[in-house]
Structure formats: structure tokens, C-alpha cells
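Throughout, read-outs are computed from the coordinates displayed, never taken from laboratory work. Just so it is clear, the model here is predicted, and its values are computed rather than measured. Cβ: placed from backbone, ideal geometry, glycine included. Neighbour counts: every protein chain shown.
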Amino acid sequence: MSMFRFNIREAAKSPLGILSGHRLCAGCAEPIIVKQVLLAIRGPTIVATATGCLEVSTTIYPYTSWNIPWIHVAFENVAAVASGIEAASKILHKKGISKYENIDVIAFAGDGGTYDIGIQALSGALERGHDFLYVLLDNEAYMNTGIQRSGGTPLGASTTTTPAGKVIPGKSENKKPIADIVVAHKIPYVATATPAHYLDLIRKARKAIEVNGPTFIHALSPCPRGWRHSESITIEICKKAVDTCYFPLWEYDNGVYRLTDRSLMIAKNPSLKKPIEEFLKVQGRFSHLFTPQNQPLIKRLQEYVDAVWEDLKSRCENI
Amino acid sequence: MRREVGKLSELRSWREIPIGGVAWKSSLENKTGDWSPFKPKIDQSKCTKCLMCWILCPDMAIGWDGEKVYEKYDYCKGCGICANECPVKCISMVRV
Amino acid sequence: MYENKVLMGLNGNEAIAYAVKQCDVDVVSAYPITPQTIIVEKFSEFVADGEVDCAFVPVESEHSALSVCIGASALGARTFTATSSQGLALMWELLYIASGLRLPIVMAVVNRALSAPINIHCDHSDSMGCRDSCWIQIYCEDAQEAYDTTIQAFRIAEHEDVQLPVMVTIDGFQISHTLQNVELLSDDVVKKFVGIRKAKEIEIPNLGKVPMILNPEIPLTFGALDLYDYYFEHKVQQHDAIENSRNVIRKVHDEYAEISGRRYGDGLIDCYGLEDSEIAVIVLGSTAGTVRYVVKKLRREGKRVGLLRLRTFRPFPSKEIVKALRNVEIVCVMDRSGAYGSIGGPVFVETQAAFYNEKKRPKIVNYIYGLGGRDTPPKLIEKMFEELPNLECGEVKFLGVR
């Protein structure tokens, strides 16, 4: 049982793992998530990052915003790089070359580097059972290259490669259920989180770090630029995503599913669940759905969200 | 508020910089405060010191010194998340 | 000095596996591909029997194999991987990344032709395809040299003036799967020769001299984004490093010759009979053995012919080649990879360029041979020697095609 207690006043006085001065957009959720995950580390930690907004904006040579050892290699292989670091840290300690008995390895990647191009490396690393935490920063498109659609883009979203046009109204496919794919690998711990529900996120990050084996956190990361909303409502959108059950908060802990935080409250009190329009109407990328000819799409999206929510509730043991 | 061009990083020759592209300068030298003229103003009389603004700031531009919550205008990009999320609404975005 | 040596019947792949075992490698990560499989299989046996203290990571693709090596090497571990043709092609982006991050990874490339059409036999198109990736490339003639070169490769890569990854190549099937008497040095001699990997120290303002590895005590950032103001400088540093490697390859080769008694020319080129020859052949890899056999035969008949086996292709030993061939009249460059759209094969083009500034230039011709494992028997090489005087300078011919 973890003795970790997060004290926000103590944490606010200590140095952070990620520093100010980075070039991420105003209101971007990625540095919020990274900051919160790094508040949960427990000792020597090394971070590997895939190519993406986070990597490019925090390390413009010769400047770096990282206060911990950090490596970036390529787009699709952050899970393999993290495997290499983990394997090397264990063998170097065994041979007496390194003094660190345990080095925690955290891999950050965007949805592009996880759902699509990175899924092979992720699946391989999970199957080999390396002890590392993989944090998916999901902003639901290839934001760094200009808001192109990815496997993580939801149904109906307008991106630059699935624009809302006269004939095709946005993306025609559903969002790939990445957390389910990872759970199917039967790894010890999988969880979803948002930066708005930070105590939940920090608790889950700490648990994932402490678990011996591969762990995965799927974090929702709203993007003011790509989702086309005002910078000040990034956190508000996370709350709406959870309240509409578009992005439920749950964890899979050694075979046992549990809802957590706000999603648990909604499951116990269904009147708290909001309709999907609450989430869609504040984002410019869904504004084309609010026309009479595209209303069926909102209905399809609502049905999909409801089906996933019911299925998730049936699997959870704590309702 | 115009920043002087070229002052951010003195360019060095290939013999002087470390090999392998290892970045060495802290980004704290890059004062992103000039990205936006809007800055948060905390009403200290109403602030309950819950530190939600601190934990939700993308730029680590809110500080806590043990006694009071303070703003770091050098780094704040004016996104307004702190003002939007403060539970007692004691932060207002003002033009400086 | 030469005591405790062991003579074993090994094929090229097994010889490399033995060398890796003796070099105290920390992390090995590879993906199977014919004809490299035996290196990894043999090494897995060593791991399973507890004969090596090494983390063996069997990955899900060659791209991930080199990624694991990059991650491990960045932490300070000594790493090794092996691949061929399609695997090397899949790792292409990471080859540039590994040399750009200045990581001393050693890779054995068992030369195999690139698809399409898919072919599992030997030619040099795979390693020639990545000749600009700033990896040091050493082409071995036989299993013994593969063993010796793999041991030297770790020293070359980890040298503080170099810090670049090294590719040790052998011909697929022709060397990798054929048995030879290989003389292995004893474990302690090899261990003493390679030592422990000492991380390169770099000077960081504010921090002073720090080891260039991922170290929880000194947070360094590897793989930052370069804009137009710094990329050029980093590439010139690599250029400087591979130039430094010429001397380092020679020195390490000479040091190894002292402990083993085996030399391969001067480490960069290996010459035979060039002192008095009129015709010389430049060739890489195992075909050099066949050419040497023919050269010896022709010399017995009184013909003045010689052989220059190019051992190190990157960095290209242009000065050494020009010096060795200064009195030769006809130079025949044999290339085991295609010349699509170019003046000739890769070795031919570079040899011609090496002679461009010389006042006295021999007639240089190009024979492309052995693509896809096509056999090049001595008779064919004798035919080549007969044709040479009648060719135009710069002519490109195909040897052995119907």
C-alpha cells in the first residue's frame, strides 16, 4: 500500500520537473499534465519523449525546460527507447557500474505517436514486460504538424485532413479505444486521467510508477489551437469531457476495473451525466455538427458514448 | 514591449558547443511573459490559498512562498486558466 | 602473449557472437532476419547458460532493436545489435539519429541484397545504401577477421575523439554460414583490450565537465530540436569525428595486432603484390579471397597484378589508396552493389574522385559483380583480368550476368 500523500502546499515550494519558459501555446494542457505527473515521482527518474508538440517546444537547442534527465529519439519508438533505458539501468546496477538500484522511466507520447505510428513499439514493450510508465497525452490529432486527423480523433471532428466539407462532415470513423487495446495486453495497471482532476491524476501516476511492470495512463489533453476554443477553458473542457462521459475516469488494476473520481459519482448518481452537446458546443472543431443536416452525427456520437459508458460500468466492480 | 532581437542566445562555433546536441541552457532565460498583455491579478483578501491556480498553470507562472500566492509576470502567457478555475473567483485578467 | 588461445570451428556469425560475449556487452537487442539469425541465436544460448552478464532484449522489429540500443547507450551501457538488408533499411532513420546523438553502438551487418525482388543472398547494397549516415563501416573478409574486428569496433566507437557508431560487415551466407578455423583470444586478454566503457566528458557552462550520459544527478537533455542556427555546427562536429577515426582505426588495429599476432594491412587497406603491379583490383569483403587466389596464380605465370582489399569503407581511405596504387596503370574496382543512375558503383565513384587531383592517374574501370549472391568463381575473375587492357577508362561492366 502506498504511503504517498500529496500535499499541495509542500509540493508548491519544491522545484518542479518541468520549468517555465517553454514555447508551448498559452493554455496548452500538455505542460499541465507533465507537471502533475512529475509531482508524483519518487526518486531518480528518466523521461523519454516522442516527437510532438511537447518535445519540440520544450527543447529548442540550446534551451531546455526539463529539470530531469531527458531523451528524445524519434516519433514512433519512445516505448522501445524506454525499454532500452530500463534494461540498461537494471544490468548496469547488477554489474556494479551504476549506483542506482532503481531508476523510474516515464515515456511521454502524443496520440499520433501512440495510436498510429507508435503502436508497434508500445505493444512490443508491453509484451516484454519492462518496468516503465507510458503517459499518452491525447489531444486527438497530429497537432504539431498542423491538426491532422489521427486514430485518436473522434467521430465528426473537423481536422485539416478531415475538414468539415459540403459532402463529408469531419472524420467518419470512431476514436480507437487505445486504453482497451492496452488492457488486452494484460499489464498490471492502466488508467485514464485529465489535468482537471489533478488529485486523481497524481494518485494514478504515483501508483503506476510504483507498480513493477509496464503501466499506462491515458490523459486527455485539450488543445486550444486544434480544438478551437479559448485558452482559458482548457480545464473546463476536461471537466465537460468527464461529465458527459465522453472521457470516463477509470483504472484497471491487476484485472479489476474501477471508476474513479467524478465518473464514480456520475455512475452512482446518473442525473449528473450531461448530454454530449455540452462538450461539443464549446469547441470550434465540432461547430459544423450543429446544423440540421449533421444532427444525426451528434446522435451517433451520443449513442457511441452511451454504449461505451454502459459497457464500462458493467465491467467495474465498485458500482 | 519589444524584446531585443539576437539577445536570447549568443551563437557559438562548432568547436565550443558540446557534441551530440546536448542542450545546456535553462529555458528560464526565455521570459515568455511578453506573449500577452493580459495578466492575472490575485485579490489577496479573497484568496483562500487553495493553490488550484498553481497546479493548473501551464507555465508554472504562479508561485507559493509559504505565505502567499504570487504571480510571475515574467512567464505568464495570459491564458486565463487560473482566473477561470479559481473557486472563489479572486483572480481577474487585467491588461498591463 | 599468445598463450591461452583457443581454435574453434566457427562460421562468421558464431565468430561475431563469441566476440560480443567476450567484450562484456551490457545490452544486446536484435530482431531475426536471414542471414543474421545465428548471431542472435548463439548469443541467446550464452545468455540462457549464464555465460554472459548482459540484458538481452528480443524486440518486435529492427527499428525497435536500434531504438533499444540508443536508449541503453544513452544511459552509458555498451550495446550491440545485428541485422541485414531489409532490417537495416527499416532502421534507416535511426542510423542517422544514432550517429547524430554520438552514441558508440556496434552493429554487425550481414550483407544481404535489398528487395525487391526479395533475395536472401549476399550483396553490399544494404550497407552501401547507408554510407552517408556517418557510421564507420569496416568490411571483413572472413570469420577470423569478423571476430577480430568486432572486438576492435568497441574500442574505436568508444574512443573519446570518435564517439560514433561502428558497422562491422560480413558477407551473408558466404562468410556468415561457412565454417572456418577461428582462433579466439582468451577472455581476460579481450576484456583487458576493450576495458569498460568510459563515458565521454563534455563541457557544459555552469556545470563544468560532465559525462555525456543520462544521469539522475546531472539532468541533461538529449535529442533537442535544432533550428537553422545550430544544426550545421552539429553536423560539422560529426564530420570532424569521422576524420579523427582514421587514425583511431589504425591505432586500435595495431594494438590488437600486438596481442593477437594478426594484421590486416594497416587497418584501412590490405594490399597484396602492389609493389610491382601494373594492374590492381580493389574489392571488399569475401570476394577478395577469390581475387587473391587468382592474383597469386597470375603472378606465378609472370603477370604483374595485385590486389587492394578495402577494409574500411567509411571513412574512405582515399590518401592510402592513392599512395598504394601510385605506380599502377589499370585499376579495376569491383562493386557488389548497383550503380543506378550514377557513373558507376559506390566504390568506383569514390576511387575515381580520390585520383582526380593527382597528376598521374591510372585507367580506372568498374566491374559490378555478385548481385543477389551470384557466384564469382576464379574463372570469371581470370576472364576479367583478360578483358581489362581492352577497356576504356571509366567503363562500367557487369561480371557474370547473362
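Could you look through the range C:58-89, keep only residues that are assigned to a helix (DSSP H, G or I), within 18 Å of the chain's Cα centre (by Cα) and of a type outside the set (Gly, Ala, Ser), and pick out the one that is nearest to the other protein chains (Cβ to nearest Cβ)? Break it down into steps so the answer makes sense when it comes.
Step one: list which residues in the range C:58-89 are assigned to a helix (DSSP H, G or I), which gives C:62-74, C:85-89.
Narrowing further to those that are within 18 Å of the chain's Cα centre (by Cα): C:66, C:85-89.
If we keep only those that are of a type outside the set (Gly, Ala, Ser) as well, we get C:66, C:86, C:88.
Details: C:66: 9, C:86: 15, C:88: 16 Å.
Among them, the one singled out is C:66.
Every residue in the range B:33-67 that is part of a loop (DSSP other than H, G, I, E, B) and either within 22 Å of residue A:199 (Cα to Cα) or aromatic (Phe, Trp, Tyr) (or both), please.
Within the range B:33-67, the first condition is being part of a loop (DSSP other than H, G, I, E, B), and the residues that meet it are B:36-37, B:43-51, B:57-61, B:65-67.
Result: B:47, B:48, B:49, B:50, B:51, B:57, B:58, B:59, B:60, B:61, B:65, B:66.
Could you please find all residues in the range C:388-402 being assigned to a loop (DSSP other than H, G, I, E, B), surrounded by fewer than 16 Cβ atoms within 10 Å (Cβ to Cβ) and of a type in the set (A, V, I, L, M, F, W, C)?
Step one: filter the range C:388-402 for residues assigned to a loop (DSSP other than H, G, I, E, B), giving C:391-395, C:400-402.
Going one step further and asking which of them are surrounded by fewer than 16 Cβ atoms within 10 Å (Cβ to Cβ), we end up with C:392-395, C:401-402.
Matches in the range C:388-402: C:393, C:401.
Given the criteria part of a strand (DSSP E or B), of a type outside the set (D, E, K, R), buried (at least 24 other Cβ atoms within 10 Å of the Cβ) and without any contact (Cβ under 8 Å) to a residue 60 or more places away in the chain, does residue A:106 qualify? Reasoning before the result, please.
On the way: part of a strand (DSSP E or B): yes; of a type outside the set (D, E, K, R): yes; buried (at least 24 other Cβ atoms within 10 Å of the Cβ): yes; without any contact (Cβ under 8 Å) to a residue 60 or more places away in the chain: no.
Here the answer is no, as residue A:106 does not meet what is asked.
From the list C:161, C:123, C:148, which residue is of a type in the set (D, E, K, R) and surrounded by fewer than 24 Cβ atoms within 10 Å (Cβ to Cβ)? Full working, then the answer.
Numbers: C:123 fails: surrounded by fewer than 24 Cβ atoms within 10 Å (Cβ to Cβ); C:148 fails: surrounded by fewer than 24 Cβ atoms within 10 Å (Cβ to Cβ).
Answer to the check: C:161.
State the number of residues belonging to the range A:6-41 that are out of contact with any strand residue (DSSP E or B) (no Cβ under 8 Å at 6 or more places or on another chain), assigned to a loop (DSSP other than H, G, I, E, B) and of a type in the set (Gly, Ala, Ser).
Initial filter on the range A:6-41 (out of contact with any strand residue (DSSP E or B) (no Cβ under 8 Å at 6 or more places or on another chain)): A:6-8, A:10-11, A:14-16, A:20, A:22, A:24-28, A:32, A:36, A:39-40.
Then drop every residue that is not assigned to a loop (DSSP other than H, G, I, E, B), which leaves A:6-7, A:14-16, A:20, A:22, A:24-28, A:39-40.
Now restrict to residues that are of a type in the set (Gly, Ala, Ser): A:14, A:20, A:26-27, A:40.
So the count comes out to 5.
Limited to the range C:133-176, what total is found for residues that are in contact with a Pro (Cβ under 6 Å, 6 or more places away or on another chain) and on the phi < 0 side of the Ramachandran plot?
Of the residues in that region, 5 qualify.
When you scan the range A:152-163, do you find a residue that is within 13 Å of the chain's Cα centre (by Cα), surrounded by 21 or more Cβ atoms within 10 Å (Cβ to Cβ), more than 14 Å from chain B (Cβ to nearest Cβ) and in a helix (DSSP H, G or I), even just one?
Checking the range A:152-163: not a single residue is within 13 Å of the chain's Cα centre (by Cα), surrounded by 21 or more Cβ atoms within 10 Å (Cβ to Cβ), more than 14 Å from chain B (Cβ to nearest Cβ) and in a helix (DSSP H, G or I).
Taking residue A:74, is it at the interface with chain C (Cβ under 9 Å from one of its Cβ atoms), touching a strand residue (DSSP E or B) at 6+ places or on another chain (Cβ under 7 Å) and among the aliphatic types (A, V, I, L, M)? Explain how you work it out, then say what you get.
Numbers: at the interface with chain C (Cβ under 9 Å from one of its Cβ atoms): yes; touching a strand residue (DSSP E or B) at 6+ places or on another chain (Cβ under 7 Å): no; among the aliphatic types (A, V, I, L, M): yes.
It is false that residue A:74 is at the interface with chain C (Cβ under 9 Å from one of its Cβ atoms), touching a strand residue (DSSP E or B) at 6+ places or on another chain (Cβ under 7 Å) and among the aliphatic types (A, V, I, L, M).
Here's a check for you: in the range B:29-75, which residue that is within 25 Å of residue A:7 (Cβ to Cβ) and in contact with a Gly (Cβ under 7 Å, 6 or more places away or on another chain) is surrounded by the fewest Cβ atoms within 10 Å (Cβ to Cβ)?
Only one residue tops the list, namely B:70.
For residue C:44, are the conditions met, namely being farther than 26 Å from residue C:255 by Cβ, within 24 Å of the chain's Cα centre (by Cα), surrounded by 17 or more Cβ atoms within 10 Å (Cβ to Cβ) and of a type in the set (Gly, Ala, Ser)? Give the steps one after another, and end with the answer.
Values: farther than 26 Å from residue C:255 by Cβ: yes; within 24 Å of the chain's Cα centre (by Cα): yes; surrounded by 17 or more Cβ atoms within 10 Å (Cβ to Cβ): no; of a type in the set (Gly, Ala, Ser): yes.
Taking the combined requirement at face value, the residue does not satisfy it.
Looking only at the range C:105-120, count every residue that is of a type outside the set (A, V, I, L, M) and crowded, with 24+ Cβ neighbours inside 10 Å and tell me the total. Before the answer, list the steps.
First pass over the range C:105-120, keeping only residues of a type outside the set (A, V, I, L, M): C:111-112, C:115, C:117, C:119.
Checking the rest, the ones that are also crowded, with 24+ Cβ neighbours inside 10 Å come to C:111-112.
Of the residues in that region, 2 qualify.
Looking for something touching a residue at least 40 places away in the same chain (Cβ under 8 Å), of a type in the set (A, V, I, L, M) and assigned to a helix (DSSP H, G or I) - is there at least one such residue anywhere in the range C:262-285?
no
Is there a residue in the range A:32-40 that is at the interface with chain C (Cβ under 8 Å from one of its Cβ atoms) and touching a residue at least 40 places away in the same chain (Cβ under 8 Å)? Before the answer, list the steps.
Here is the first cut: in the range A:32-40, the residues at the interface with chain C (Cβ under 8 Å from one of its Cβ atoms) are none.
No, that holds for no residue.
Does residue C:67 satisfy being of a type in the set (S, T, N, Q) and touching a Gly at 6+ places or on another chain (Cβ under 8 Å)? Quick ask: steps written out before the conclusion?
Values: of a type in the set (S, T, N, Q): yes; touching a Gly at 6+ places or on another chain (Cβ under 8 Å): yes.
When the stated conditions are applied, residue C:67 passes them.
Scan the range A:225-271 for residues that are in contact with a strand residue (DSSP E or B) (Cβ under 9 Å, 6 or more places away or on another chain) and among the acidic types (Asp, Glu) and jot them down.
Result: A:251, A:253, A:261.
Residues in the range C:346-364 that are aliphatic (A, V, I, L, M), out of contact with any helix residue (DSSP H, G or I) (no Cβ under 7 Å at 6 or more places or on another chain) and in a strand (DSSP E or B): how many?
Looking only at the range C:346-364, we keep the residues that are aliphatic (A, V, I, L, M), and these are C:347, C:349, C:353-354, C:364.
Remaining after also requiring out of contact with any helix residue (DSSP H, G or I) (no Cβ under 7 Å at 6 or more places or on another chain): C:347, C:349, C:353.
Adding the requirement that they be in a strand (DSSP E or B) leaves none.
Adding up the residues that qualify gives 0.
Among the residues in the range C:19-36, are any over 21 Å from residue C:91 (Cβ atoms), outside any strand (DSSP E or B) and β-branched (Val, Ile, Thr)?
no
Out of all the residues in the range A:225-260, which are surrounded by fewer than 22 Cβ atoms within 10 Å (Cβ to Cβ) and either touching a Gly at 6+ places or on another chain (Cβ under 6 Å) or on the phi > 0 side of the Ramachandran plot (or both)?
Once the filter is applied, which keeps residues that are surrounded by fewer than 22 Cβ atoms within 10 Å (Cβ to Cβ) and either touching a Gly at 6+ places or on another chain (Cβ under 6 Å) or on the phi > 0 side of the Ramachandran plot (or both), the range A:225-260 yields A:228, A:231, A:232, A:254, A:255.
Which residues, counting only those in the range B:48-65, are more than 9 Å from chain A (Cβ to nearest Cβ) and closer than 26 Å to residue A:34 by Cβ?
To start, the set of residues in the range B:48-65 that are more than 9 Å from chain A (Cβ to nearest Cβ) comprises B:48, B:53.
Correct list: B:53 only.
From the set of residues in the range A:196-217 that are surrounded by fewer than 24 Cβ atoms within 10 Å (Cβ to Cβ), outside any helix (DSSP H, G or I) and not aliphatic (A, V, I, L, M), which is nearest to the chain's Cα centre (by Cα)?
It comes out as A:197.
Can residue C:183 be described as part of a helix (DSSP H, G or I) and over 22 Å from residue C:105 (Cβ atoms)?
Working: part of a helix (DSSP H, G or I): no; over 22 Å from residue C:105 (Cβ atoms): yes.
So residue C:183 does not fit the description; no.
Give the range B:68-87 a look and list any residue that's in a loop (DSSP other than H, G, I, E, B), in contact with a Lys or Arg (Cβ under 8 Å, 6 or more places away or on another chain) and on the phi < 0 side of the Ramachandran plot, or say none.
First, pick out the residues of the range B:68-87 that are in a loop (DSSP other than H, G, I, E, B): B:68, B:72-80, B:86-87.
Filter again for in contact with a Lys or Arg (Cβ under 8 Å, 6 or more places away or on another chain), leaving B:68, B:73-76, B:78.
Matches in the range B:68-87: B:68, B:73, B:74, B:75, B:76.
Is it the case that some residue within the range A:85-92 is more than 10 Å from chain C (Cβ to nearest Cβ) and either within 20 Å of residue C:78 (Cα to Cα) or part of a loop (DSSP other than H, G, I, E, B) (or both)?
Keep residues of the range A:85-92 that are more than 10 Å from chain C (Cβ to nearest Cβ), which gives none.
No, the range A:85-92 contains no residue that is more than 10 Å from chain C (Cβ to nearest Cβ) and either within 20 Å of residue C:78 (Cα to Cα) or part of a loop (DSSP other than H, G, I, E, B) (or both).
Going through the range C:205-231 one residue at a time, which ones are of a type in the set (Phe, Trp, Tyr) and within 8 Å of another protein chain (Cβ to nearest Cβ)?
Applying the first criterion (of a type in the set (Phe, Trp, Tyr)) to the range C:205-231 yields C:222, C:228, C:230-231.
Across the range C:205-231, the qualifying residues are C:222, C:230.
Taking into account only those residues within the range A:42-71 that are of a type in the set (A, V, I, L, M, F, W, C) and assigned to a strand (DSSP E or B), which is farthest from the other protein chains (Cβ to nearest Cβ)? Walk me through how you get there before you give the answer.
So the first thing to find is which residues in the range A:42-71 are of a type in the set (A, V, I, L, M, F, W, C), and the list is A:46-48, A:50, A:53-54, A:56, A:60, A:66, A:68, A:70-71.
Those left that are additionally assigned to a strand (DSSP E or B): A:46-48, A:60, A:66, A:70-71.
Values: A:46: 5, A:47: 9, A:48: 7, A:60: 5, A:66: 5, A:70: 5, A:71: 4 Å.
By that ranking, first place goes to A:47.
Scan the range C:93-132 for residues that are assigned to a loop (DSSP other than H, G, I, E, B), in contact with a Pro (Cβ under 9 Å, 6 or more places away or on another chain) and not basic (Lys, Arg) and jot them down.
C:103, C:104, C:105, C:120, C:121, C:122, C:124
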